[in-house]
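Each reported figure results from applying straightforward, stated rules to the coordinates on display, with no laboratory input. This one's a predicted model, so the numbers in the text were calculated from it and none came from an experiment. Cβ: placed from backbone, ideal geometry, glycine included. Neighbour counts: every protein chain shown.
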Amino acid sequence: MLARIKKNDTVMVIAGKEHGKIGKVLRVIPEENRAVVERMNVVKRHAKPRGPQSPGGIIEKEAPIHLSNLMPMCERCNAPVRVGTRILQDGNKGRFCRRCNELLDK
């Protein structure tokens with residue numbers, strides 16, 4: 001199966017409190033259909049001190065966002081786009097922009 005969103009993709013959030021913001025995907029969690037996007041959906045967690053290296057306190061970190069709330073950005077269109085798949089000349093599958101037919105996988 002070919003993923004619609006991959007690590008290091010630039011995506012736009014299309015629903016939720018971060019609606020309309022653009023960020024880079026740091027990690028994809030395929031089992032949960034979620035992705036962690038840089039500086040999006042930031043939550044606060046309380047951490048206990050674990051020695052001199054980690055003093056504890058309130059830590060801010062990114063929480064995962066459901067993949068249905070993200071749309072990949074096309075560099076050529078500079079807009080959020082739907083993604084299609086096609087078989088390339090070398091026989092592998094590749095993702096492409098449905099708006100301008102530009103390949104998203106370089």
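With the structure loaded, tell me whether Glu32 is among the acidic types (Asp, Glu), under 21 Å from the mean Cα position of the chain (by Cα) and surrounded by 11 or more Cβ atoms within 10 Å (Cβ to Cβ) or whether it fails that test. Criteria not met by Glu32. Identify, please: which residue in the range 35-45 is in contact with a Leu (Cβ under 8 Å, 6 or more places away or on another chain) and of a type in the set (A, V, I, L, M) and is, among those, surrounded by the fewest Cβ atoms within 10 Å (Cβ to Cβ)? Looking at residues that are in contact with a Leu (Cβ under 8 Å, 6 or more places away or on another chain) and of a type in the set (A, V, I, L, M), I get Val36. Lys48: loosely packed, with under 10 Cβ neighbours inside 10 Å and under 30 Å from Met73 (Cα atoms), yes or no? No: the conditions fail for Lys48.
Hey, any hits in the range 45-63 for a residue that's within 30 Å of Arg95 (Cα to Cα), small (Gly, Ala, Ser), in contact (Cβ under 8 Å) with a residue 12 or more places away in the chain and not in a loop (DSSP other than H, G, I, E, B)? No, every residue in the range 45-63 fails to be within 30 Å of Arg95 (Cα to Cα), small (Gly, Ala, Ser), in contact (Cβ under 8 Å) with a residue 12 or more places away in the chain and not in a loop (DSSP other than H, G, I, E, B). If you go through the range 77-100 and keep only what is within 17 Å of the chain's Cα centre (by Cα) and under 24 Å from Lys21 (Cβ atoms), you end up with Asn78, Ala79, Pro80, Val81, Arg82, Val83, Arg95, Cys97.
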